Amino acid sequence: MKLTSLLLMAGLTVAALPAPILAAKASPPTHERTTEVEPATAADPEQAKLSAAKRKVLELPEIASAQQQAKADRALAAKASAEYKHARTKAAESETAYRKAFDETLAKQDPEAAGIQKKQRDAFREKMLKARTEKKTGAGKPAVANPDSATEGDPERGER
């Protein structure tokens, strides 16, 4: 399963819970090995000390509740992101359906107007493609409309 699906399921599960349950302080996690040093950290006393301190901090109720709140907020963010993507897709589909219906009805009402609109759209599309191509090819070059005027200054500002 994808990570986003898992986060969405977690978000939906958290969203379904009543607010008092979410606001209640989480019980601190129980650790069976509180005094036992892990084998990997036995060779490094600094790492063992850090691990022990982390375990103690994670056992504090305010840290546990903050961690739960962070998880809940992350799940809500994932849910909102999924809803946003769905809304964008739906809006794009609606816009496409509207344009298609509009174009068909315009062609029925006035075929000449539909032809004019098609020409305008094609010209606009060509203009945008040309601008995109120019932007890609001239990315590192400064844009100067008239090279002669670049040395004279801007006449609108009174520069010479």
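The values are calculated or read from the model by the stated rules, or taken from the named source; none is laboratory data. Small disclaimer: the values here were computed from a predicted structure and weren't measured. Reconstructed Cβ throughout: ideal geometry from the backbone, glycine too, with neighbour counts over all protein chains shown.
The helices (runs of 4 or more DSSP H) found wholly in segment 56-160 and carrying at least 1 residues that are modelled with pLDDT of 95 or more occupy 61-109, 111-137. Condition test on LYS79, is it in contact with a Gly (Cβ under 8 Å, 6 or more places away or on another chain) and surrounded by 12 or more Cβ atoms within 10 Å (Cβ to Cβ)? Yes.
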